[in-house]
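Report on one structure; see the data block that follows.
The values are calculated or read from the model by the stated rules, or taken from the named source; none is laboratory data. Every value quoted in this text rests on a predicted model; they were computed, and no experiment measured them. Glycine gets a Cβ as well: all are built from the backbone with ideal geometry, and neighbour counts include every protein chain shown. What goes into the accessible areas is simple: the full protein's heavy atoms, side chains included, and nothing from ligands, DNA or RNA. Shrake-Rupley method; radii C 1.70, N 1.55, O 1.52, S 1.80 Å.
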Amino acid sequence: MSTRPSLEACIFDLDGVLVDTAKYHFLAWRRLANELGFDFDEEANEKLKGVGRMESLEIILSWGGIALTEEQKQSWAERKNGWYLELVEGMDPSEILEGVMDFLEDLKKNGIRIGIASSSKNAATILEKIGLSGHFETLVDGNGLARTKPDPLIFLTCAQALGVDPGHAVVFEDAQSGIDAALAGGFWAVGVGKPEVLSDARLVIPGFKGWTWAKMESALLNPS
Ligand code: B16
Ligand code: MG
């Protein structure tokens, strides 16, 4: 009997993995910081990826050394979301990252279950804009979730909805907080981005171009 683990599902982060909304989140948060009188760069922005809206705001305020009341925080978070929604307003299917559609099709052909786990409360809106609503068996987003990444809850909820154990599911993430969450939940973790900013993932890929499920499964199960 083979002891080879079987991989049955793929769970995708949205922002920065299927579509490059990470750049729009950065622009909107940077505008907020600038309006509060300070600035931050893309390197610092890595710490915000995958992190929920209010947690992100807390991190940014700490960088600026700014204390706000709860009411003021809510108001700034709403302003940031308004700017973000303006930035994503014109998005269409052409913004789906290269190789994503072919990879998703290949997963379906191979009977692999697919879900989305995004910290964003705007995930359904983005999926609609890029024409991917209905492509996934389940969507778990930041609405109504008690804890976001790096807590594993979001991935565990998604895996449960798919009916798959974490040890048989692969998580694709562009954020260190997401890799940490996946590993804490017992998932296989694939980083999408640069190896120098993503630690501990089983594999880091620059994007999905050229990847088939057979190639991915082999790279995960037989690392060189
Ligand atoms: P929202 P993901 C995350 O989405 C983003 O990476 C992160 O930058 C953002 O702060 C978070 O969603 C919340 O987004 O303000 O739209 O609810 O990467 O988990 O798909
Ligand atoms: Mg992301």
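Worth a mention:
- Flag if GLU128 is over 22 Å from LYS209 (Cα atoms), of a type outside the set (S, T, N, Q) and free of Cβ contacts under 8 Å to residues at least 24 places away in the same chain: yes
- Qualifying residue in region 4-22 (condition: within 11 Å of ligand 1 (Cβ to nearest atom) and either over 26 Å from VAL190 (Cα atoms) or part of a helix (DSSP H, G or I) (or both)): yes
- Here HIS135 meets each of (1) in contact with an Asp or Glu (Cβ under 8 Å, 6 or more places away or on another chain); (2) more than 25 Å from LEU57 (Cα to Cα) with one exception, condition (1).
- In region 1-52, residue surrounded by the fewest Cβ atoms within 10 Å (Cβ to Cβ) [restricted to those that are more than 10 Å from ligand 2 (Cβ to nearest atom) and basic (Lys, Arg)]: ARG4
- Any pair with Cβ under 7 angstrom, 6 or more apart, that starts in region 134-162 at a residue that is open to solvent by 30 Å² or more (accessible area, probe 1.4 Å) and ends at one that is in a loop (DSSP other than H, G, I, E, B) and charged (D, E, K, R): ASN143/LYS121; LEU153/ARG147
- So GLU89, is it more than 14 Å from ligand 1 (Cβ to nearest atom) and either open to solvent by 40 Å² or more (accessible area, probe 1.4 Å) or on the phi > 0 side of the Ramachandran plot (or both): no
- Filter pass, ALA123 being at pLDDT 95 or above and not assigned by TED's automatic domain parsing to the domain that holds PRO166: no
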